1. Could you check how many residues of the stretch 64-87 are in contact with an Asp or Glu (Cβ under 9 Å, 6 or more places away or on another chain) and closer than 14 Å to LEU39 by Cβ?
2. Please go through the stretch 47-106 and pick out each residue that is polar (S, T, N, Q) and under 21 Å from VAL239 (Cα atoms).
3. Give all pairs with beta carbons closer than 6 Å in which a residue from the stretch 466-488 that is in contact (Cβ under 8 Å) with a residue 12 or more places away in the chain meets a residue that is of a type in the set (Lys, Arg); count only pairs at least 6 apart in sequence or on separate chains.
4. (1) touching a residue at least 60 places away in the same chain (Cβ under 8 Å); (2) within 21 Å of the chain's Cα centre (by Cα): which one isn't true of LEU540, the others all being true?
5. Of the conditions (1) closer than 22 Å to LYS114 by Cβ; (2) at pLDDT below 95, HIS22 clears all except one; give me its number.
6. For residues that are in contact with a Phe, Trp or Tyr (Cβ under 7 Å, 6 or more places away or on another chain) and of a type in the set (Lys, Arg), tally how many sit in the stretch 125-166.
7. Since LYS440 meets every condition but one in (1) more than 26 Å from GLN183 (Cβ to Cβ); (2) in contact with a strand residue (DSSP E or B) (Cβ under 9 Å, 6 or more places away or on another chain); (3) not aromatic (Phe, Trp, Tyr), which condition does it not meet?
8. For the stretch 20-33, give me each residue that is open to solvent by 40 Å² or more (accessible area, probe 1.4 Å), over 17 Å from VAL87 (Cα atoms) and either in a strand (DSSP E or B) or among the hydroxyl-bearing types (Ser, Thr, Tyr) (or both).
Amino acid sequence: MDKKITLTKWAADSAGVSVRAHGISIHAELYGRTSNGILLYDRENEKPVRIDFTEDMRLGSTYRCLLSGVSSQEYDYLFHEDGEPVVDIYAKRLVGHRLFGTKHQDAGRKDALKYCSFVSDQFDWRGDKRPGTAYENSIYYGLHVRGFTRDNSSGIKEAGTFAGVQKKIPYLKKLGVTGVVMQPVYEFEECMKRPEGRTVPDAAAPQPEITPVKLNYWGYLPGYYMAPKNAYAYGEDAVTELKTLVRQLHRNGLEIIMQFYFETSMPASRIRSILLYWAEHYHIDGFELMGAALPLKDIALEPGLSDVKLWSEWFPYEEIENAEKERNFLCGRGQDKKHRQQKAKPAEKRRLASLGRHYQSTIRCFVKGDGGMLPAFLQCQRDHPGSHGQINFLASYNTLRLSDVVSYERKHNELNGEDNRDGEEVNHSWNCGIEGETRKKGILALRMKLMKNALTMLFTAQGVPFLFMGDEWGRTSGGNNNPYCQDNEMNWQKWNLKKMQKELLAFTAELIALRRAHGIMHQKEPLKLMDYLACGYPDLSYHGREAWRANMDYQMRHVGVMLCGKYCTVNGKEDDCLYIAYNMHWEPHEFALPKLLKNGRWKLLLCTDGEKAQERAAEDCVRESVVTLPGRSVGIYISEEAPKQRIGGGKRQTVSRNKRTK
């Protein structure tokens with residue numbers, strides 16, 4: 001061992017290896033029977049320098065020490081157990097695996113993971129701050145780092161990388177979302193062995209000499225959770241590239257939520273350490289926790305994550321609340337007058353959020369016209385717990401794409417190589433009369449209208465909208481509802497859109513802008529369906545052919561919903577009232593619009609049935625208090641001040657928007 005290199009006992013304050021001003025802090029978890037230590041690899045010499053840890057550095061199965069005399073720029077490292085090299089499970093940067101998928105498989109040892117690198121925290125964050133967007137003001141966009149820009153149509157040289165995502169920030173800003181949700185970006189091995197045959201004939205069939213690789217493109221696998229994936233970096237330094245992306249997202253007011261998959265056997269302490277590292281060193285805004293039987297209560301109660309958003313399909317909210325009350329009591333909070341006054345102050349921002357498929361399934365059933373769905377649909381639209389966030393989505397990575405929901409009756413996962421046995425069997429989809437692709441204009445128009453209906457429902461619901469990449473313009477996966485192994489156009493975002501796709505994209509952006517402009521559509525507190533302001537209108541009300549009388553019978557597939565703007569202030573001004581007419585019946589129906597105070601009237605903002613229907617509805621809205629909405633359509637109306645009356649020629653006339661007199 002080089003005399004300049006020394007190893008001393010040290011109380012390392014964090015797991016893994018960290019570069020400090022006075023040396024390299026080591027907190028290693030090792031299980032060698034006779035010896036444990038570190039192997040230092042000079043980048044000009046493949047033979048490592050072996051340094052064993054001493055017994056006084058050991059605490060259980062961990063070793064804590066300080067390494068001095070080693071330049072983090074000149075050496076890489078591995079640990080060893082009884083002389084056998086092992087990778088640091090807390091590695092923060094890895095050397096190797098620069099290629100992805102089949103290219104990585106073909107390269108073999110040339111692209112294998114080799115060493116761990118020492119990572120310095122000297123990154124210029126330039127005053128970076130988390131946007132801290134409240135759930136009620138959030139709109140999220142899910143993406144896969146590689147798939148978002150990998151297609152040649154992206155038109156960028158950094159395709160499929162963190163740098164590529166950074167180049168598309170203007171697109172996200174123009175769309176109007178407030179944050180991105182990234183599928184796993186930690187280092188994982190995407191190349192898997194083909195699964196063994198499930199039947200006797202499969203097992204008896206002759207096997208090829210070289211088993212073709214099967215990918216896990218998504219990355220919901222165990223991995224090196226603290227190291228960003230090298231194959232997702234355009235340059236050599238994935239750490240700096242990802243941090244730069246986070247900094248640029250924040251500079252543009254966009255949050256970043258990262259998905260993490262953990263196995264059941266993962267200790268709660270290790271999960272907390274991983275999340276704390278990403279929150280501190282990468283300024284990540286939140287995490288979606290994935291996996292079975294996770295210690296969600298322990299994670300939610302971690303003090304270091306108290307200002308970080310946490311998502312899960314299910315949180316034990318009552319247990320978490322009780323534990324927080326007990327902790328406050330033991331700390332003496334809330335026991336004197338001062339603390340009681342502090343307790344009475346407004347609660348801190350919500351950070352926990354639930355997401356699940358209930359909203360998706362309900363909307364899909366309602367959109368295709370299933371009977372008996374009206375009460376469940378209205379419940380989903382107003383569902384918005386005051387204590388935590390509620391994430392709503394129409395489609396996700398492991399479901400049919402939005403366009404496929406209206407194009408396929410059943411899943412088509414044959415290309416996955418599992419005889420179409422994988423993926424969800426029940427998709428609540430409808431092909432509109434033809435399975436898959438078609439050129440029939442009537443079918444295409446109907447599918448477009450149904451997608452617009454679903455998107456309108458998503459952005460007019462009180463919960464937090466979540467779009468998965470491509471659904472804003474109607475991307476298809478060919479009916480595959482589980483394309484986990486497809487590193488191709490089935491999963492890649494397209495950027496050269498056709499006319500109808502551009503139309504849907506513009507419609508989605510219009511909906512997002514409408515939602516962001518009207519706070520009554522996304523309140524912080526749950527709507528009460530009561531006139532608690534004594535203003536003459538409840539905050540939320542339902543209507544049918546007659547105002548204030550909605551029919552909820554099994555056969556009903558249409559309803560009018562009014563959101564009263566008096567219950568919300570936007571930029572110091574009372575918000576407008578909105579009336580949303582949902583008609584999922586295949587027949588047209590009449591809707592009665594409630595009479596507005598102060599000589600107000602209703603104006604049509606948008607209709608999913610097309611421009612002609614929108615013009616007709618606009619005229620009806622001017623002349624009458626009852627409007628007719630075509631079948632399978634949604635119309636949104638906004639309150640406005642009626643045109644002023646003027647006196648001319650001795651007669652009183654009313655001038656409408658189209659210059660006609662009444």
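1. Matching residues across the stretch 64-87 total 7.
2. Passing the criteria: SER71, SER72, GLN73.
3. Sorted first by the residue in the stretch 466-488, then by its partner, the pairs are ARG475/ARG401; THR476/ARG401; SER477/ARG401; ASN481/LYS411; CYS485/LYS214.
4. Result: LEU540 passes all but (2).
5. (1)
6. Result for the stretch 125-166: 2.
7. With (1) more than 26 Å from GLN183 (Cβ to Cβ); (2) in contact with a strand residue (DSSP E or B) (Cβ under 9 Å, 6 or more places away or on another chain); (3) not aromatic (Phe, Trp, Tyr) applied to LYS440, the lone miss is (2).
8. ARG20, the sole residue that qualifies.
The values are calculated or read from the model by the stated rules, or taken from the named source; none is laboratory data. The shown structure was predicted, so the numbers you read here are calculated from the model rather than taken from an experiment. Glycine gets a Cβ as well: all are built from the backbone with ideal geometry, and neighbour counts include every protein chain shown. Accessible surface areas use protein heavy atoms only, side chains included; no ligands, DNA or RNA. Shrake-Rupley method; radii C 1.70, N 1.55, O 1.52, S 1.80 Å.
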